[in-house]
Amino acid sequence: METSITPYQAIKRMREHSRAGIPFSIEFMSYNSTKNESNGFKAVARAQLRQGLRNDQSHMANTLVAYTDHSAGTTPRFFHLALLMNFNGIRIKP
C-alpha cells in the first residue's frame with residue numbers, strides 16, 4: 001500500500017471516485033481566506049467532489065476544491081488544495 005501521494009494524484013483519484021459515485025475520506029486544515037482565520041483540522045468521512053468555481057468567479061478557482069460532505073447531509077464545502085493532508089488514509093506529501 002502507498003504511504004504518500006501528491007495533491008494532484010489525490011485529486012485525480014477523488015475525481016475517479018466521484019465519477020463512480022464512491023464516497024471517500026479526506027482530512028485537511030481549514031482556512032477561510034475572506035476572514036483570514038482557521039477552524040483547525042477537519043476530517044470528512046464521506047466526501048465527493050462537485051463542480052468548482054470558474055476562473056471568472058474567483059481568483060482562487062485553481063486552488064479551491066469543491067466537495068459535498070455526505071456525512072453531514074449534502075452540505076457543499078470547499079478546501080484549499082495546499083492544505084489537504086490525507087485522502088482515504090493516504091498521507092499527502094507537500
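Computed over protein heavy atoms with a 1.4 Å probe, the accessible surface of the stretch 1-63 works out to 71 Å² per residue. Each part gets one Cα centre, and for the stretch 38-61 versus the stretch 1-22 those centres are 15 Å apart.
Sorting LEU83, LEU64 by accessible area puts them as LEU83, LEU64; the probe is 1.4 Å, largest comes first, and only protein heavy atoms count. Shape index of the stretch 1-42: Rg/Rh, with Rg the Cα radius of gyration and Rh the Kirkwood radius from the inverse mean 1/r over Cα pairs, equals 1.08. Each helix, a run of at least 4 DSSP H residues, gives -39500 (n - 2.57); summed and divided by the residues of the chain, these come to -4500 deg cm²/dmol at 222 nm. Loop-located trypsin sites (Lys or Arg not before Pro) across the stretch 10-94 with a Cβ neighbour count of 12 or fewer within 10 Å are LYS35, ARG54, with loop assigned by DSSP. The distance between label points at HIS59 and SER33 comes to 0.8 nm (points 7 Å beyond Cα on the Cα→Cβ vector). Residue ranking by accessible heavy-atom surface, 1.4 Å probe, largest first, among MET85, MET60 comes out as MET85, MET60.
Take every Cα pair under 8 Å whose residues are at least 6 apart in sequence, average their separation, divide by the length of the chain, and the relative contact order is 34 percent. In the stretch 33-82, the convex hull through the Cα atoms has an average projected area of 3.9 nm², a quarter of its surface area. Of all DSSP-defined beta bridges confined to the chain, some 90% are antiparallel rather than parallel.
Remark: the stretch 52-63, residue by residue, has Karplus-estimated 3J(HN,Hα) of x, 7, 7, 4, 7, 9, 7, 6, 9, 4, 7, 10 Hz, where x stands for each Gly or Pro and the curve is 6.51 cos²θ - 1.76 cosθ + 1.60 at θ = phi - 60°.
Taking only the Cα atoms of the chain, the radius of gyration and Dmax are 12.8, 40 Å.
The values are calculated or read from the model by the stated rules, or taken from the named source; none is laboratory data. Just so it is clear, the structure is predicted and the values come from calculations on it, not from any experiment. Here Cβ is always computed from backbone atoms with ideal geometry, including for glycine, and neighbour counts include all displayed protein chains. In case anyone asks, the SASA skips ligands and DNA or RNA and just uses the protein heavy atoms, side chains included. Shrake-Rupley method; radii C 1.70, N 1.55, O 1.52, S 1.80 Å.
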